[in-house]
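J.: Supplied in structure tokens, the structure appears directly below.
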Amino acid sequence: MTAAPYDLELIQRCLSRDRQAWESLVDRSLRIVVQVVRHTARTRGISIAASDQDDLVAEVFLELCNNDFACLKRFRGGSSFSTYLTVIARRVIVRNLVKRPSLSPSQTEIVERPAATDSLAELTELLEHLNQTEATLVRLHHLEGRSYQEISRQTGVPENSIGPTLSRAREKMSAEIAKQEQAANSAAATKTLPRRVA
């Protein structure tokens with residue numbers, strides 16, 4: 001799914017220092033960022049106060065502004081902006097959560113994470129190995145933090161079918177990651193083999 005023309009135009013206006021465009025982008029993105037904050041905290045077994053949630057949301061938008069809007073400049077429209085934003089948001093949120101020494105990832109997160117990557121390019125590539133329904137459910141549940149009920153209402157997929165479909169999608173993505181790692185290890189081993197002496 002590529003970016004909507006309106007999102008691309010809005011980002012360009014933000015890069016041109018259009019204040020109204022920035023406020024519009026924040027308004028359009030706020031719900032997604034809040035969902036990512038809640039989902040990331042929940043999968044880490046962390047209960048956060050409303051003030052902590054607000055701080056994390058602010059950190060995400062600050063990241064978008066940092067270094068002269070570097071994150072926005074890197075967005076090329078190869079995916080939807082919501083997908084790009086959720087990857088950025090999750091990276092920022094995890095980075096801030098792990099700064100607290102008393103908190104560490106729980107087993108829940110290990111189970112629920114669909115892929116061991118924070119790279120949008122890698123994530124997009126993994127989603128391409130799923131069928132359209134699986135990719136949509138992974139994006140809505142794991143990236144945007146939507147509940148099964150919300151996903152069912154939005155997509156028309158029966159609520160009792162979402163869990164099994166997500167499980168199949170995670171298995172496919174895990175298999176693809178394992179395949180890529182095996183290929184990388186084989187390539188590395190080949191490079192380190194000693195050359196025969198004639």
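This table checks each residue for (1) modelled with pLDDT of 90 or more; (2) outside the structural domain of ALA89 (by TED's automatic domain parsing); (3) over 25 Å from CYS71 (Cβ atoms).
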position: SER119; (1), (2), (3): no, yes, no
position: ALA135; (1), (2), (3): no, yes, no
position: SER161; (1), (2), (3): yes, yes, yes
position: GLU171; (1), (2), (3): no, yes, yes
position: GLN180; (1), (2), (3): no, yes, yes
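J.: From the list ARG153, ARG91, ARG100, exactly one residue is within 30 Å of PHE61 (Cβ to Cβ), loosely packed, with under 13 Cβ neighbours inside 10 Å and at pLDDT 80 or above. Which is it?
T.: Checking each option against the conditions leaves just ARG153.
J.: Please enumerate the residues belonging to segment 10-37 that are closer than 16 Å to SER82 by Cβ and charged (D, E, K, R).
T.: Answer for segment 10-37, where residues must be closer than 16 Å to SER82 by Cβ and charged (D, E, K, R): ASP27, ARG28, ARG31.
J.: Only one residue in PHE81, PHE61 is in contact (Cβ under 8 Å) with a residue 60 or more places away in the chain and at negative phi. Which one? Talk me through it step by step, then tell me what you get.
T.: Details: PHE61 fails: in contact (Cβ under 8 Å) with a residue 60 or more places away in the chain.
That would be PHE81, the only listed residue that is in contact (Cβ under 8 Å) with a residue 60 or more places away in the chain and at negative phi.
J.: Scan segment 40-54 for residues that are farther than 20 Å from ARG139 by Cα and surrounded by 14 or more Cβ atoms within 10 Å (Cβ to Cβ) and jot them down.
T.: ILE46, ILE48, ASP52, GLN53
The values are calculated or read from the model by the stated rules, or taken from the named source; none is laboratory data. The structure displayed is predicted, hence computed values, not measured ones. Cβ coordinates were reconstructed from backbone atoms using ideal geometry, including for glycine residues, and neighbour counts include every protein chain displayed.
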